[in-house]
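J.: Here's a structure for you.
The values are calculated or read from the model by the stated rules, or taken from the named source; none is laboratory data. On a predicted model such as this, the values are computed, not experimentally measured, just so you know. No Cβ is skipped: glycine too gets one built from the backbone with ideal geometry, and neighbour counts run over all protein chains shown. Side chains included, ligands, DNA and RNA excluded: accessible areas come from the protein's heavy atoms. Shrake-Rupley method; radii C 1.70, N 1.55, O 1.52, S 1.80 Å.
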Amino acid sequence: MSLNVAARALTTNQAVLQTIGHNIANANTVGYSRQTTDLQQVPGQQFGNGYMGKGVEVASVKRSYDAFLTRQANATQTVAAADAVRHQKMQQVESLFPLGEGSLGSMLNSALNAWVDVNASPADSTARGVVISRSDELAARIRDTSARLDELGTTAQLQSAEVIKSINLMAQQIASLNDRIARTQSSNAVPNDLMDQRDQLLADLGKKVQIHTIGAGDGTITVFVAGSLPLVLGNKAAALSPDRDPLDGEYRQAVSFVQGNNRFEILDEHLVGGELKGLQDFVNKDLAQTRAQLGRMALAVASELNAQHQSGLKTDGTPGGLLFDVGTLSGKPATTNATPVALPLEVVDGTALAASDYQVTYTSATSVGIQRLSDGRFFNPALYNPTGTPPNDGFQATAATVPLGAGAAVEFDGLRLTGQPGTQTGDRFVLRPGAEAARALAVAISAPAELAVASRLGVAPAPANSGTSAIEGVSVSLVRGSMPASPTPVPGFTLTFDAATRTMSVSAPAAPATVSAVGVAYTPGRPMSFTLSDGSGPPANQWSYQLTLRGEPATGDQFVLSQTPPTGLSFNAGNAQAMLALRDQTTFDGNTTLADGYVSVFSGVASRLGEVRFSAQFSQTQAASAEMQRANQAGVNLDEEAAKLIQFQQAYQASAKYMGTVQSLFDTLMSTFR
């Protein structure tokens, strides 16, 4: 019995030393959990006068593993990984929107300010050429910025594909380890090192995509993604697949879950962590919003300058054409639509545009739901009242039905969408007016003579006027619809001054036309404005008239607005002055001028970057703290292992000494019988 006690003591202490050596060897191995050897005494044997001990043996070798701390560390790493990759991508976006000299904002102001010289010298072809050149530089810069955003989107999508490839590979490795662990545990052994490998794979997988795990009695772990989709089930692994979004495959990406012959699209809101989530948010949210903000600026600039340019006359007396071309805007059909018909889209009010894309879903053959994707709100035409106090854009939190049959039109956020035949219930369309405009923006004219510098309107004081007023400027602007084709004149008006009320009364137009005000307030040096609706439509064509006087008219003084005569058009700068006035026109969000349009784009990018940076810093701090707690529990302390090494080395040596003593006693005993 003594020999057995000695042998067990020797082998047991040797096993402990082996475990200590294993810990020391793997002190710097990522994912390794410290192992400890549990010892237990061997049950004693009964003799006549009591029990005699039979030594020691190894009960088990356990990992220093805390499921809660491990789960917490993995969860925080998942969030940190998503925030980190999104922050990295947003820094690349920020580099496309600098401030100061050479920025998009300075180029916008250069294009608008180029009209100063034309206003001063309308016949100067060099000044006209500078307007075209500056406008072309602005358009090229916007197109280039849009192209760079597209490149960032393409790169992010390729990176997503690589992340998904890594996810699928790790899922297969986890399934293989599940099989090995299950077979090992079936023989009543605990494969600590295999479990460490699997835990490290789960931690790495969690950095790619958020996962949830459930352990089984055979030692295997089931891994779920997107809440409830089994990526790993026992020794079988499913897969993820990068796909084009069926609604907007050109700009958005989707992820599908593939299990055998079954395929399910994973909604963005079900991916809540990991690098894949960060890339999805960047492509489908951050880039989409940045494109929409850049595009809104491009579309508003083009819309407002085009409307004013078309309101003027060229030197040959013909109306001005488009200054900027934004291509053909439309509602793009989803790939799942029964008929690939597009919905015509046009801008009706450049000052009402929102920095957003839209989704249109047919709820019947003649009705749709319109969702603004930037805030998720739905358009309700019954609420739409842009001229009310306060104005209402018509968007609400809950879904609403909008009539839109073939040939019918609906207006929202400065856009008009027209229904087309062939649409069916369930058809979906995406509207990306801003992104399309930024991609296609170009100057539509090339010759200086094509600039519409002259105003269609002239003003003449009545001969009987007795006041001291002087005419400073007059112009007409297109509000919506179209200007009359040449040589059809715009309607003229007579304004009569009343000193008692300090207003100019506006003569009534011929029916069915109407004016927005029968009288306008007069302040020297400030434009007097009123709007004419020609009664066509709906919607009717509308034009805004502006007249600026200085001095003090007398009661009864009249000023006649009429079509500019052909003579002297080369020296008429009325429309150039109106183009300059657009710089100070409130265009964006009801509080930002056209000249400051870049500020809204830059501030939007900077705001998102600041938000993402804060999230990345906070989540990284949380992840580091959680990992430290896990490592303190599971990591190897070399000082502690060194102390144990000395302890069990002495125990091993004592066991060997004891065995030698027992052997000597046994040999002495045996020699007495020889």
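J.: Could you list, in sequence order, all residues of the stretch 169-212 that are under 42 Å from the mean Cα position of the chain (by Cα) and outside any helix (DSSP H, G or I)?
T.: Within the stretch 169-212, Val209, Gln210, Ile211, His212 qualify.
J.: Right, here's the next one. Collect the residues in the stretch 505-515 that are within 15 Å of Ser544 (Cβ to Cβ) and either in contact with an Asp or Glu (Cβ under 7 Å, 6 or more places away or on another chain) or open to solvent by 20 Å² or more (accessible area, probe 1.4 Å) (or both), keeping them in residue-number order.
T.: Residues of the stretch 505-515 within 15 Å of Ser544 (Cβ to Cβ): 506, 509, 513-515.
Of everything in the stretch 505-515, those that are within 15 Å of Ser544 (Cβ to Cβ) and either in contact with an Asp or Glu (Cβ under 7 Å, 6 or more places away or on another chain) or open to solvent by 20 Å² or more (accessible area, probe 1.4 Å) (or both) turn out to be Pro509, Ala513, Thr514, Val515.
J.: Among residues belonging to the stretch 6-19 that are of a type in the set (Val, Ile, Thr) and open to solvent by less than 30 Å² (accessible area, probe 1.4 Å), point out the one that is farthest from Tyr65 (Cα to Cα).
T.: Thr12
J.: Shifting gears a bit: What's the number of the condition His22 fails, among (1) surrounded by 16 or more Cβ atoms within 10 Å (Cβ to Cβ); (2) touching a residue at least 40 places away in the same chain (Cβ under 8 Å)?
T.: (2)
J.: If I go through the stretch 25-37 residue by residue, how many of them are loosely packed, with under 15 Cβ neighbours inside 10 Å and either charged (D, E, K, R) or touching an Asp or Glu at 6+ places or on another chain (Cβ under 9 Å) (or both)?
T.: Residues that pass the stated criteria total 2.
J.: Is there a residue in the stretch 525-538 that is in contact (Cβ under 8 Å) with a residue 12 or more places away in the chain, closer than 30 Å to Ala449 by Cβ and not in a loop (DSSP other than H, G, I, E, B)?
T.: So far as the stretch 525-538 goes, yes, one or more of its residues are in contact (Cβ under 8 Å) with a residue 12 or more places away in the chain, closer than 30 Å to Ala449 by Cβ and not in a loop (DSSP other than H, G, I, E, B).
J.: Quick one: Glu472 ticks every box in (1) open to solvent by less than 20 Å² (accessible area, probe 1.4 Å); (2) in a strand (DSSP E or B); (3) at pLDDT below 90 bar one, so which box is it?
T.: Evaluating Glu472 over (1) open to solvent by less than 20 Å² (accessible area, probe 1.4 Å); (2) in a strand (DSSP E or B); (3) at pLDDT below 90 leaves (1) as the failure.
J.: Suppose we filter the stretch 132-141 for residues that are surrounded by fewer than 23 Cβ atoms within 10 Å (Cβ to Cβ) and either at pLDDT below 95 or touching a strand residue (DSSP E or B) at 6+ places or on another chain (Cβ under 7 Å) (or both); how many remain?
T.: Within the stretch 132-141, residues that are surrounded by fewer than 23 Cβ atoms within 10 Å (Cβ to Cβ) and either at pLDDT below 95 or touching a strand residue (DSSP E or B) at 6+ places or on another chain (Cβ under 7 Å) (or both) number 2.
J.: Still on this structure, please answer the following. With the requirement that a residue be more than 10 Å from Ser562 (Cβ to Cβ) and among the β-branched types (Val, Ile, Thr), what does the stretch 475-498 give you?
T.: Of the residues in the stretch 475-498, the ones more than 10 Å from Ser562 (Cβ to Cβ) are 475-488, 495-498.
Answer for the stretch 475-498, where residues must be more than 10 Å from Ser562 (Cβ to Cβ) and among the β-branched types (Val, Ile, Thr): Val476, Val479, Thr488, Thr496.
J.: Can you tell which of Arg480, Arg502 is touching a strand residue (DSSP E or B) at 6+ places or on another chain (Cβ under 8 Å), open to solvent by 20 Å² or more (accessible area, probe 1.4 Å) and at positive phi?
T.: Working: Arg480 fails: at positive phi.
Checking each option against the conditions leaves just Arg502.
J.: Further question: Considering Ala171, Ala189, Ala239, which residue is in contact (Cβ under 8 Å) with a residue 12 or more places away in the chain, aliphatic (A, V, I, L, M) and either more than 23 Å from Gln280 (Cβ to Cβ) or surrounded by fewer than 21 Cβ atoms within 10 Å (Cβ to Cβ) (or both)? Show your work before the answer.
T.: Numbers: Ala171 fails: either more than 23 Å from Gln280 (Cβ to Cβ) or surrounded by fewer than 21 Cβ atoms within 10 Å (Cβ to Cβ) (or both); Ala189 fails: in contact (Cβ under 8 Å) with a residue 12 or more places away in the chain.
After ruling out the rest, the residue left standing is Ala239.
J.: Would you mention how many residues in the stretch 365-376 are among the β-branched types (Val, Ile, Thr) and open to solvent by less than 50 Å² (accessible area, probe 1.4 Å)? Full working, then the answer.
T.: Within the stretch 365-376, the subset among the β-branched types (Val, Ile, Thr) is 366, 368, 370.
Narrowing further to those that are open to solvent by less than 50 Å² (accessible area, probe 1.4 Å): 368, 370.
Of the residues in the stretch 365-376, 2 are among the β-branched types (Val, Ile, Thr) and open to solvent by less than 50 Å² (accessible area, probe 1.4 Å).
Matching residues to (1) under 26 Å from the mean Cα position of the chain (by Cα); (2) aliphatic (A, V, I, L, M); (3) open to solvent by less than 60 Å² (accessible area, probe 1.4 Å); (4) at pLDDT 95 or above:
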residue: Met107; (1), (2), (3), (4): yes, yes, yes, yes
residue: Ala114; (1), (2), (3), (4): no, yes, yes, yes
residue: Ser121; (1), (2), (3), (4): no, no, yes, no
residue: Ser125; (1), (2), (3), (4): no, no, no, no
residue: Val130; (1), (2), (3), (4): no, yes, yes, yes
residue: Arg143; (1), (2), (3), (4): yes, no, no, yes
residue: Ser146; (1), (2), (3), (4): yes, no, yes, yes
residue: Leu149; (1), (2), (3), (4): yes, yes, yes, yes
residue: Ile164; (1), (2), (3), (4): yes, yes, yes, yes
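J.: Looking at the stretch 213-229 only, could you name the residues that are over 13 Å from Ile167 (Cα atoms) and open to solvent by 30 Å² or more (accessible area, probe 1.4 Å)?
T.: Thr213, Ile214, Gly215, Ala216, Gly217, Asp218, Gly227, Ser228, Leu229
J.: Across the stretch 330-364, which residue is nearest to the chain's Cα centre (by Cα) among those that are surrounded by fewer than 19 Cβ atoms within 10 Å (Cβ to Cβ) and within 12 Å of Val402 (Cβ to Cβ)?
T.: Thr361
J.: Which of (1) over 41 Å from the mean Cα position of the chain (by Cα); (2) part of a loop (DSSP other than H, G, I, E, B); (3) surrounded by fewer than 20 Cβ atoms within 10 Å (Cβ to Cβ); (4) not β-branched (Val, Ile, Thr) is the odd one out, the single condition Pro553 does not satisfy?
T.: (3)
J.: Condition (residue is open to solvent by less than 80 Å² (accessible area, probe 1.4 Å), modelled with pLDDT under 90, polar (S, T, N, Q) and part of a helix (DSSP H, G or I)) applied to the stretch 596-615: is it met by at least one residue?
T.: no
J.: In the list Gly331, Gly321, which residue meets the criterion of being touching a residue at least 60 places away in the same chain (Cβ under 8 Å), out of contact with any helix residue (DSSP H, G or I) (no Cβ under 8 Å at 6 or more places or on another chain) and either assigned to a strand (DSSP E or B) or not aromatic (Phe, Trp, Tyr) (or both)? Working first, answer last.
T.: Details: Gly321 fails: out of contact with any helix residue (DSSP H, G or I) (no Cβ under 8 Å at 6 or more places or on another chain).
Among Gly331, Gly321, only Gly331 is touching a residue at least 60 places away in the same chain (Cβ under 8 Å), out of contact with any helix residue (DSSP H, G or I) (no Cβ under 8 Å at 6 or more places or on another chain) and either assigned to a strand (DSSP E or B) or not aromatic (Phe, Trp, Tyr) (or both).
J.: Name the residue that is nearest to Glu411 (Cα to Cα), counting only residues in the stretch 516-550 that are surrounded by fewer than 18 Cβ atoms within 10 Å (Cβ to Cβ), among the hydroxyl-bearing types (Ser, Thr, Tyr) and out of contact with any Phe, Trp or Tyr (no Cβ under 8 Å at 6 or more places or on another chain).
T.: Out of the qualifying residues, it is Ser536.
J.: Within the stretch 424-469, how many residues are over 49 Å from the mean Cα position of the chain (by Cα) and either free of Cβ contacts under 8 Å to residues at least 12 places away in the same chain or more than 29 Å from Val301 (Cβ to Cβ) (or both)?
T.: 10
J.: Can you find even one residue in the stretch 53-69 that is in contact with a Gly (Cβ under 8 Å, 6 or more places away or on another chain) and surrounded by fewer than 13 Cβ atoms within 10 Å (Cβ to Cβ)?
T.: Checked the stretch 53-69: at least one residue is in contact with a Gly (Cβ under 8 Å, 6 or more places away or on another chain) and surrounded by fewer than 13 Cβ atoms within 10 Å (Cβ to Cβ).
J.: Still on this structure: Those residues that are part of a loop (DSSP other than H, G, I, E, B), open to solvent by 40 Å² or more (accessible area, probe 1.4 Å) and modelled with pLDDT under 95, I need them from the stretch 443-464; list them, please.
T.: Ser446, Pro463, Ala464
J.: Here is a further query. Among the residues of the stretch 223-273, count how many are touching a Leu at 6+ places or on another chain (Cβ under 6 Å) and either farther than 24 Å from Val430 by Cβ or among the basic types (Lys, Arg) (or both).
T.: The total comes to 3.
J.: Return the only residue of Gly317, Gly350 being on the phi > 0 side of the Ramachandran plot and in contact with a Ser or Thr (Cβ under 7 Å, 6 or more places away or on another chain).
T.: One residue alone meets the criteria, Gly317.
J.: Pick from Leu353, Leu299, Leu343, Leu305: which is of a type outside the set (Val, Ile, Thr) and farther than 19 Å from Val479 by Cβ? If you could, list the steps in order and put the result at the bottom.
T.: On the way: Leu353 fails: farther than 19 Å from Val479 by Cβ; Leu299 fails: farther than 19 Å from Val479 by Cβ; Leu305 fails: farther than 19 Å from Val479 by Cβ.
Exactly one of Leu353, Leu299, Leu343, Leu305 is of a type outside the set (Val, Ile, Thr) and farther than 19 Å from Val479 by Cβ, namely Leu343.
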